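These notes are about the structure you will find just below.
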Amino acid sequence: MLKDSRIYVAGHKGLVGSAILRRLKSEEYTELMTRTHKELDLMNQADVGRFFEKEKPEYVFLAAAKVGGILANHSYPAEFIYENLMVQTNVIHAAYKTGVKKLLFLGSSCIYPRECPQPMKEEYLLSGKLEPTNEPYAIAKIAGVKMCQSYNRQYGTRFISVMPTNVYGPGDNFDLETSHVLAALIRKFNEAKVRDQRSEIRDQRAEVGGSEQSERSSYGSSVTIWGTGKPRREFLYVDDLADACVFIMNHYDGNEMMNIGVGKDISIKELSEMIGEIVGFEGPIHYDSTKPDGTPQKLLDVSRLHGLGWRSETSLRDGITKTYQWYVSEGTGRSA
């Protein structure tokens, strides 16, 4: 990409799209195109076609998608498969029709089989059954990968697919019903901490007023985590992902998809304890084994990306700390 190339970031309001936009601006790309959902409904094929015909983007980062955690995927399977299929199909086809030089499609590590060998190599795609809790979303993303590869073979396009691991960072979704695990844990631990702080203030006021202070342990708050805490997950800071996407757009032209990750994983139990420590919550943590764990382990093989010369730079502890500071400073986490 040249600094004055016409670049369209689809989904620029989302966690990943906004980070890609920040990265492009920081590297002084000047001709950046964005559209809000109100300005352009990516599920409307005719509107998408008109936009591409008029604006003629040369490069496209396809980060627009409907995403969510286990609860959201379980509750809205039809929405997850329909909306993602529609958006990616419309954008990829319009990119082909208007001669886009290169497109980068963002998939997800959930496309790999539930019982996939670890770490997961790109060639393991379609080698086994998917995880049932997010199968509709995974199928949509697999279709996007195959669509890019098929257009490359038949039409000679340069459409590449990347599979990021679990992404987190400033701008994440912290809604407990629709968020991914790391963001949900930050909110849960922060709300428990705020409740304890309020209880402490009430007890101090009661003591000053002469009332008898009630006996308590950590002010009674606790945090409950879905599942056993045993599953292992890999987490990638969103600004590292954005850096990788721009790097790959500039340095990779292969037809095979590419994993993006850190190459290390952590158990949900270890993650919960780390987040509790960063947030400053000292109460008990409970694990609800009646709730689903999801895939036992998800660790990406990132040797292909490392071979190109890119590695992530943000440690998990530093990334969580930055994310938590953003969560509190934006006002979302000040009161629970």
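The values are calculated or read from the model by the stated rules, or taken from the named source; none is laboratory data. All of these numbers come straight from a predicted model, not from anything done at the bench. So basically every Cβ, Gly included, is an ideal-geometry build from the backbone, and we count neighbours across all protein chains shown.
How many of the residues making up region 95-111 are touching a strand residue (DSSP E or B) at 6+ places or on another chain (Cβ under 9 Å), within 17 Å of Arg6 (Cα to Cα) and assigned to a helix (DSSP H, G or I)?
Result for region 95-111: 2.
Please work out which one of (1) closer than 27 Å to Ser18 by Cβ; (2) modelled with pLDDT under 95 is the condition Gly283 fails and give its number.
(1)
Just checking, does region 148-171 include any residue being β-branched (Val, Ile, Thr), more than 19 Å from the chain's Cα centre (by Cα) and at pLDDT 95 or above?
Looking through region 148-171, at least one residue is β-branched (Val, Ile, Thr), more than 19 Å from the chain's Cα centre (by Cα) and at pLDDT 95 or above.
Only one residue in Val67, Val91 is touching a helix residue (DSSP H, G or I) at 6+ places or on another chain (Cβ under 9 Å), at pLDDT below 95 and either crowded, with 17+ Cβ neighbours inside 10 Å or not in a helix (DSSP H, G or I) (or both), so which one is that?
Val67
Rundown of residues vs (1) of a type in the set (A, V, I, L, M, F, W, C); (2) part of a helix (DSSP H, G or I); (3) closer than 30 Å to Val145 by Cα, yes/no style:
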site	(1), (2), (3)
Gly263	no, no, yes
Glu273	no, yes, no
Gly276	no, yes, no
Tyr287	no, no, no
Gly307	no, yes, yes
Asp318	no, yes, no
Lys322	no, yes, no
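Which one of the conditions (1) at positive phi; (2) touching a strand residue (DSSP E or B) at 6+ places or on another chain (Cβ under 7 Å); (3) not acidic (Asp, Glu) does Gly319 fail to meet, given that it meets all the rest?
Only one criterion in (1) at positive phi; (2) touching a strand residue (DSSP E or B) at 6+ places or on another chain (Cβ under 7 Å); (3) not acidic (Asp, Glu) is unmet by Gly319, namely (1).
Among all residue pairs at least 6 apart or on different chains, which show Cβ distances below 7 Å where the first residue, located in region 185-198, is at pLDDT 90 or above and of a type in the set (Lys, Arg) and the second is assigned to a helix (DSSP H, G or I) and crowded, with 22+ Cβ neighbours inside 10 Å?
Listed pairs, sorted by first residue: Lys193/Val279.
Go through Thr133, Thr178 for me and flag whichever is surrounded by fewer than 19 Cβ atoms within 10 Å (Cβ to Cβ) and within 20 Å of Phe235 (Cβ to Cβ).
Selected residue: Thr178, the only one of Thr133, Thr178 that is surrounded by fewer than 19 Cβ atoms within 10 Å (Cβ to Cβ) and within 20 Å of Phe235 (Cβ to Cβ).
Conditions (1) part of a loop (DSSP other than H, G, I, E, B); (2) surrounded by fewer than 18 Cβ atoms within 10 Å (Cβ to Cβ); (3) at pLDDT below 95; (4) aromatic (Phe, Trp, Tyr), marked per residue:
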position: Glu200; (1), (2), (3), (4): no, yes, yes, no
position: Arg216; (1), (2), (3), (4): yes, yes, yes, no
position: Ile248; (1), (2), (3), (4): no, no, no, no
position: Gly254; (1), (2), (3), (4): yes, yes, yes, no
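Does Lys188 qualify as being more than 20 Å from Ile260 (Cβ to Cβ) and not hydroxyl-bearing (Ser, Thr, Tyr)?
Answer is yes for this residue.
If you check Leu236 against the conditions, is it outside any helix (DSSP H, G or I), of a type in the set (A, V, I, L, M) and touching a strand residue (DSSP E or B) at 6+ places or on another chain (Cβ under 7 Å)?
So Leu236 passes the test.
May I ask you to say which residue of Ile260, Ile268, Ile320 is crowded, with 21+ Cβ neighbours inside 10 Å and touching a Gly at 6+ places or on another chain (Cβ under 6 Å)?
Checking each option against the conditions leaves just Ile268.
Filtering region 12-39 down to residues that are of a type in the set (Lys, Arg) and free of Cβ contacts under 8 Å to residues at least 60 places away in the same chain, which residue is surrounded by the fewest Cβ atoms within 10 Å (Cβ to Cβ)?
Lys38
Based on this model, can you work out whether Lys188 counts as touching a strand residue (DSSP E or B) at 6+ places or on another chain (Cβ under 7 Å), of a type outside the set (Gly, Ala, Ser) and in a helix (DSSP H, G or I)?
The answer is yes for Lys188.
Within region 296-305, restricting attention to residues that are touching a Pro at 6+ places or on another chain (Cβ under 7 Å) and in a loop (DSSP other than H, G, I, E, B), which residue is nearest to Lys269 (Cα to Cα)?
Restricting to residues being touching a Pro at 6+ places or on another chain (Cβ under 7 Å) and in a loop (DSSP other than H, G, I, E, B), the top hit is Pro296.
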